[in-house]
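Encoded as structure tokens, the structure appears first; notes follow it.
The values are calculated or read from the model by the stated rules, or taken from the named source; none is laboratory data. Model, not experiment: these values are computed from the prediction. All Cβ positions, even for glycine, are placed from backbone atoms using ideal geometry, and neighbour counts span all protein chains on display.
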Amino acid sequence: MANEYVMCADPRFVGRATAEVASASGDKRIPCRYMTHSAYIIEATLPSDELLPRIMDANPVFVYSLFPVLLHTSFKGTAELAGEMEKTMIKGRSFRIEVIRESSAAEGSAKTLEVELGTAIESMGHIADLKNPKQIMVVIIVGSRVTVSGGITESLIDITADYSRWGQRHIDILNRAEMKIIEAFALMKINIPIGIKSIDIGAAPGGWTKFLVEKGSNVFAIDAADMDYAMLGEECTVVKHGGQLQKGPRIIHLKMGFDDAIKMLSEERFGFAGIDMNVSPMESAESAARISGLMEPGAPLLMTLKLCKPSDIDGIDNVVKRLNESYEGFIFRKLPHNRQEITMVAHRKAGI
Ligand SMILES: C[S@@+](CC[C@H](N)C(=O)[O-])C[C@H]1O[C@@H](n2cnc3c(N)ncnc32)[C@H](O)[C@@H]1O
């Protein structure tokens, strides 16, 4: 018998996402029904306790999240819905609710509904925990139809529908690129110590640089284009072609292309490298290979791979082949704020 799941994915890559589930589940075909812009109901033969660990092991690129469907119902009011949801929840585990609504019969914003449902469920003896919940309930309301999915957080891919709303929460971000690096650090588990030197290649207008400075890095930002110096709000020195590097400023903008900038940095050592150039995946990989000798052992490399044509995705194997001499632990992921691209994380190999 088929088991139903709510799968969140970018609508442009739903085919890739269902293929990833099919490959993990062993199903030839995964039926997929549209619910909202980013949420789909899919069917797989495996139950969630078997499928979810397999999906986690497979480390999918295009599946944002996968939750077993717990309940289909119609919207009659928040109190009634909270009562029905409560019956599907695990007792003794703290919870968080995430609502996705589209032309819904329910009044109020998704946030208001989350608060109303959460308060009602708390009054039934459950404990809400927004930061570290032990179970997540995802409620999708389309018209008067309600689908509730969710489960224990340990068994789920740790991306939830919540991330698709991050952009609305961060009002002081410089651009969408900054959202990409915020998501990569959170969802791909990147950590960098305070006080390291970072290199940001393809840095303008400066979303990644701003994030890295806020993380306590001193940043070499490489780009021939202008940075948003006002928004960066930090001491920032611009070095043009033929200029001299200075010690001290938190941000040094090498206002030139990568080929010229790299010649000035042969004495530097970096604890983090970011590459977000609008060039082909193999060109980005070439740059990553060329800076590998300047990176500290174990240092993270974060790189976006632009998928301008469908065949670019098939070239990812070549990127890994090019880089696996000096980097290891490759992870690829389609993050919510990636558009026609995916994000890669790897770490500089030690002892080479
Ligand atoms: C998507 S934007 C980068 C956004 C940036 N990461 C941010 O956070 O604001 C791509 C940038 O790559 C730069 N770029 C493309 N080729 C480059 C090269 N060979 N050397 C340096 N920068 C390059 C472009 O000038 C452009 O500013």
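Points worth noting:
- Every condition in (1) within 16 Å of the ligand (Cβ to nearest atom); (2) modelled with pLDDT of 95 or more; (3) in a helix (DSSP H, G or I) holds for Lys321 except the one numbered (1).
- Only listed residue being on the phi < 0 side of the Ramachandran plot, more than 13 Å from the ligand (Cβ to nearest atom) and either among the charged types (D, E, K, R) or under 21 Å from the mean Cα position of the chain (by Cα) (or both), chosen from Glu268, Glu283: Glu268
- For region 119-126, the condition of being away from the ligand (no atom under 16 Å from the Cβ), modelled with pLDDT of 95 or more, more than 24 Å from Leu245 (Cβ to Cβ) and of a type in the set (S, T, N, Q) holds for at least one residue.
- Here the condition is being surrounded by 19 or more Cβ atoms within 10 Å (Cβ to Cβ) and either at pLDDT 60 or above or not polar (S, T, N, Q) (or both); of Ile201, Ile190, it holds for Ile201 alone.
- All positions within region 271-280 that are surrounded by fewer than 18 Cβ atoms within 10 Å (Cβ to Cβ) and either among the hydroxyl-bearing types (Ser, Thr, Tyr) or more than 9 Å from the ligand (Cβ to nearest atom) (or both): Ser280
- Qualifying residue in region 224-234 (condition: closer than 30 Å to Asn318 by Cα and out of contact with any Asp or Glu (no Cβ under 8 Å at 6 or more places or on another chain)): yes
- Residue under evaluation Glu235, criteria (1) in contact with a Gly (Cβ under 8 Å, 6 or more places away or on another chain); (2) within 22 Å of Ala184 (Cβ to Cβ), criterion not met: (2)
- Check on Glu178, at negative phi, within 8 Å of the ligand (Cβ to nearest atom) and in contact with a helix residue (DSSP H, G or I) (Cβ under 6 Å, 6 or more places away or on another chain): yes
- Just one of (1) out of contact with any Gly (no Cβ under 7 Å at 6 or more places or on another chain); (2) surrounded by 13 or more Cβ atoms within 10 Å (Cβ to Cβ) fails for Ile136. It is (1).
- Selection status of Ile192, within 12 Å of the ligand (Cβ to nearest atom), in contact with a Phe, Trp or Tyr (Cβ under 8 Å, 6 or more places away or on another chain) and more than 19 Å from Ile173 (Cα to Cα): no
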